[in-house]
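Single-structure report; data block below.
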Amino acid sequence: MIKIMVLLHAAQGREWQTPPKGTSLKTLGEAEEEGLIEIRGEFQKRQFRLTARGFDMVERDRRRLEARRS
């Protein structure tokens, strides 16, 4: 789950984007199975974007992390 959270936090909004370097196909597949991202393209042209569920999860986690810092 940690790798998935790193992927989600790396996303810039909900637009299509390339995955961060070092992200495995397995991590992308797991995040897609959980309904957190959508994937399009193949191999080096692969892109992802957050689903509404993934975006909400990231926002909740960011608020939680910010509260811990305060």
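The values are calculated or read from the model by the stated rules, or taken from the named source; none is laboratory data. Fair warning: this is a prediction, and the values are worked out from it, not measured in the lab. In this analysis, Cβ positions are derived from the backbone assuming ideal geometry, glycine residues included, and neighbour counts consider all displayed protein chains. Remember, those area values only see protein heavy atoms, side chains included, never the ligands or the DNA or RNA. Shrake-Rupley method; radii C 1.70, N 1.55, O 1.52, S 1.80 Å.
At-a-glance table
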{"item": "The range 11-26 residues that are free of Cβ contacts under 8 Å to residues at least 40 places away in the same chain and over 14 Å from GLN44 (Cβ atoms), paired with ones that are surrounded by 10 or more Cβ atoms within 10 Å (Cβ to Cβ) and acidic (Asp, Glu) (beta carbon under 9 Å, 6 or more apart)", "result": "TRP16/GLU38"}
{"item": "Residue that is of a type in the set (D, E, K, R), surrounded by 14 or more Cβ atoms within 10 Å (Cβ to Cβ) and assigned to a helix (DSSP H, G or I), where the choices are GLU32, GLU66", "result": "GLU32"}
{"item": "Flag for LYS21 being open to solvent by 50 Å² or more (accessible area, probe 1.4 Å), out of contact with any Gly (no Cβ under 9 Å at 6 or more places or on another chain) and assigned to a loop (DSSP other than H, G, I, E, B)", "result": "yes"}
{"item": "Residues that are open to solvent by 80 Å² or more (accessible area, probe 1.4 Å) and part of a loop (DSSP other than H, G, I, E, B), drawn from the range 3-18", "result": "GLN12, ARG14, GLU15, THR18"}
